[in-house]
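> Before we start, here is the structure in question, set down as structure tokens.
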């Protein structure tokens, strides 16, 4: 059974884009479940109404087909939920497939140093009681990431590898793009006018 994790991000977009991240994550879960797939949102922050980014895990036999159709730039058309008089009506976020360790040749398990720590923030009773969070350091580069989005240490360990893979990809693309900025945010790569899906309105309905 295929297990794919999508990275949904507002990049360095404004608060409205962070609102779209939350709405899109919820929409992706509903769409996945309607297609007979399982879906779970892995928040990076204590998100309620807005979030700069998150991961959405899609699982099922047709997960690859489902996710491929949603990777790229997503546009939401609507009035800003935070600035009533704002004239802008089009807001963009990015969706990409989060890489795993096998997707980045220069990332080797032997080069990663793990440290467990107590989680903080959302998560219920496990917070600050069990060492479910994981910090991972890529020793050749010194890059460090932390994952505490999931309850199990094993799952968070996998997330740290994924985040390190993203950062290493950023470094490669940063060199190719002449230091134009980290691709971790994906903001620079959002292709406005070339969106793969469009949603609109306060109820975040997809435009057919």
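> Taking neighbour Cβ counts within 10 Å as the exposure measure, how do 2, 50, 9 sort from fewest upward?
By the 10 Å Cβ count, ascending, the order reads 2, 50, 9.
> Another one. Based only on other Cβ atoms within 10 Å, what is the fewest-to-most ordering of 204, 82, 55?
82, 204, 55
> I need the peptides 142-155, 16-29 ranked by packing, meaning the mean over residues of other C-beta atoms within 10 angstrom, with the highest value on top.
The packing order, highest mean first, is 16-29, 142-155.
> On to the next question. Among 83-92, 64-73, what's the highest-first ranking by average C-beta atoms within 10 angstrom per residue?
64-73, 83-92
> Relative to the present Cα-Cα distance, how much length would full extension add between residue 202 and residue 38 at 0.36 nm per residue of separation?
Additional length available on full extension: 56.5 nm.
> Given a Förster distance of 45 Å, report the FRET efficiency between residue 172 and residue 82 from their Cβ-Cβ distance, rounded to the nearest 0.05.
0.80
> Please work out how much length the chain gains when fully extended from residue 116 to residue 62, using 0.36 nm per residue of separation minus the C-alpha to C-alpha distance, in nm with one decimal.
Taking 0.36 nm per residue and subtracting the Cα distance, the gain is 16.0 nm.
> Distance in nm between label sites at residue 144 and residue 3, each 7 Å beyond Cα in the beta-carbon direction?
Placing both labels 7 Å beyond Cα along the Cβ direction yields 2.8 nm.
The numbers here are math on the coordinates, done by the rules we state, and not lab data. None of the values given here were measured: they were computed from a predicted structure. Please note: Cβ atoms are built from the backbone with ideal geometry, for glycine as well, and neighbour counts cover all protein chains shown.
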